Structures are given as structure tokens and as C-alpha cells.
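The structure appears right after this line, and notes come after that.
Coordinate-derived values only; no laboratory data. Not measured: the values here are computed from a predicted model. Using ideal geometry, Cβ is built from the backbone for each residue, glycine included, and neighbour counts are taken over all protein chains shown.
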Amino acid sequence: MAKTSMDLSAIGSVIDDMDMMFWVSSAYDTNSRDCWPCPEDHWPNEERTRCDLTTVEFLSLEEPLGITLSCLTSLLFLLTLLVLSIFKKHQDTPIVKANNRELSYVLLIALMLCFLSPFTFIGHPMKATCMIRQNSFGIIFSISISTILAKTITVIIAFNARDPTSRSSSWLGTRVPSAVVLLCSVAPVMICTVWLLLDPPFPVKIQMGVTTIIQCDEGSVLFFYLMLGYLGLLATVSFVVAFYARNLPQSFNEAKFLTFSMLVFLAVWISFIPAYLSTNGKYLVAVEIFAILSSSAGLLSCIFIPKCYIIIWRPDINTKQYLMQRNISK
């Protein structure tokens, strides 16, 4: 009898060590030798007499957190659409034409896509959404940041073109900004393509006691951090170039706003990394969504809201005469 007790104790110890989901055959005989694994999405009760259905956890549209993030995402998307319509309506005014209005359109469209990307994070994780969300986020943000870099370079070229002895006037136009955007966007496309081919993200279930967490495994962590590292490098370069051009005496010079927008962007994503590493489940997804929304909103507010203010409330300084007077005075 002692031997039997020792055997049962050993079996229980092995079961506990392996963290396996077993339940006993009888609700009254907890010393039964006949045990079976619980079905999927079930977990044994404390007495190990039955299997209880586990609580499934993911960021859902039906819970307050998911609803709040969805509403905020939709609001920011509509705000960006409104800014785009304002710029399109006043596209022939000096403040819109300054610093390449085509780049402004590209940046606004990219920001709209940034505000839509959180919808791929909300809801039950599936193979398709897991593969799309991080890669689309990386490519769209690289286009946004490279557009800001191209806008800053446009400011520098436009200032240098004022010097009659400079050859910078030959660089004015859409070729150089377009080339900057295309070249800076090639790297994340290549990273994401290789990532999807070699080790793409996929949905996983993580058992945490009576809770089953469903989330996306990033597959290759190397490619995920490689993408974040490239975005950080591109943002740093854009910040340095914008900081250099912030005091150039050019009318409607937006380099100061570009500098501050990149500073906000870098601050958000630097604080995102430790928060990302210290959370799990739906709160991990919520942290990333918040980082996407706050950094995109920072770009929108720093770059475009001041221009919208001038277009709507200060049309007296949004004129060619004002632009010429500013240039003469400088």
C-alpha cells in the first residue's frame, strides 16, 4: 500500500512537472490511475476531476478596449481624409505648392493607410492577418518616413537654388524626391518578402492556466527587429537632415515641423520596444496599435495641422505677394 501511494505521488509529480492537462475518471476517486488528457481549449479544475472550458483571449471588436481603439482609428483616418481634401481643394495656393505638393499627397495617403492598418491587429488572429499586419505596417511606415526625408531634401534644394552660382536648380522637380521615396522603400519590401518566404508569422495558442491566449507568432524574430531597426535608422536620418534644415530662411519652410514630427516618431517607438517586450496577449497588440496611432497622429499634427490653420483661418498670408515679400526681406 505504501508503494502504491509512492507511485501515485510520483505520477502526480510527473504530471505537474509536464504541465499536462489531465482529469481523473471519477469525480469521487481522485486517486484513480486512469487519467486522460483534456480536450483542446479545456483545462482541468483544481481537483482534477473534470475538464472546464478555458477562456479565449484576444483583442476583440466586442470588448471596450477593441471598440475604443477602432473608434480612434476611424476618427484619425477621417481626419486625415479631411486634411487631404483641404489640400486638394487649395492645391494652387503657395503653402500647398511649397515643398512639393505631390509629396504631401503621398504622405497623406500613406498616413491614411497607417491609420487603417490597426484593423488587421483587431479580431481573431488568422494566418492571413498575421502575415499581413507586420509587413504592411513596415512598408507603409517606410514610405511615410522616406516621404518626409524627400520633403526635407526638397527644402534644402530649394534654398540652395536661390544662389545663381549653384547648380541645385537642376535638381528641382519631382525626380529627386521620387527617387528618394523609391530607394528608401525598396529595403523594407525586400525584408518583408524574404520574411514571408522563409519564416512567416502564424497564429498560435498559448495556455495560461484557465486562459487560452490566441496571438500571432512573428515567425522569424530576426526579420521583425530588422524591419524595426531599418525604420529607426530611416527615421534618425530624416530627423538629422530636418534638424540641419530647420533654420533655412525659406518661405513656408516646414523643416522645423518635420524635425519635431520625427522627434515625436522616434520618442514613441523608442518607448514602444520595452513595452512590447514586457506585455503579452491582447495588451501586446493594444500597445503596438497605440504606437502606430500615436506616431502617425504625431506626423499628421506636426506637419499638416499648421498648414490647415493658415489655409482656413489665415488666407491673408497664403498669397504669392506675401511669399515674395518674405523672400525679399530674407
What is the distance, in nm, between label points placed 7 Å from the Cα along the Cα-to-Cβ direction at Trp313 and at Tyr225? 4.6
Residues of the stretch 119-160 with the amide nitrogen closer than 13 Å to a label point 7 Å from the Cα of Val189, along Cα-to-Cβ, please. 139-140, 142-143
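Grab the beta carbon distance between Asp92 and Leu116, set R0 = 41 Å, and tell me the FRET efficiency rounded to 0.05.
Efficiency for this residue pair is about 0.90.
Whole number please: convex hull volume per residue, Cα atoms of the stretch 223-294, in Å³.
Expressed per residue, the convex hull around the Cα atoms of the stretch 223-294 is 77 Å³.
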What is the spin-label model distance, in nm, from Lys320 to Leu233 if the labels are put 7 Å beyond Cα along the C-beta direction? 4.5
Sum up the charges of everything whose Cβ sits under 14 Å from the Cβ of Cys71, counting Lys and Arg as +1 and Asp and Glu as -1, but leave Cys71 out. -2
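Would you tally the net charge around Phe224, using a Cβ to Cβ cut-off of less than 13 Å, leaving Phe224 out, and scoring K and R as +1, D and E as -1?
Numbers: positive: Arg133; negative: Asp199, Asp217, Glu218, Glu288.
That works out to -3.
Provide the net charge surrounding Pro201, with neighbours chosen by a C-beta distance below 14 Å and charges set as Lys +1, Arg +1, Asp -1, Glu -1.
Details: positive: Lys127, Arg133; negative: Asp199, Asp217, Glu218, Glu288.
Net local charge, Pro201 excluded: -2.
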Rounded to whole Å, sorted largest first: equivalent-ellipsoid semi-axes of the stretch 75-159, Cα gyration tensor: 30, 16, 6
Whichever lysines have a C-alpha closer than 30 Å to that of Lys127, once near sequence neighbours (fewer than 8 apart) are set aside: Lys205, Lys282
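What ranking, highest mean first, results for peptides 182-193, 226-237 when packing means the other Cβ atoms within 10 Å averaged over each residue? Working shown, then result.
Details: 182-193: 16.2, 226-237: 17.9.
Sorting 182-193, 226-237 by mean packing, highest first, produces 226-237, 182-193.
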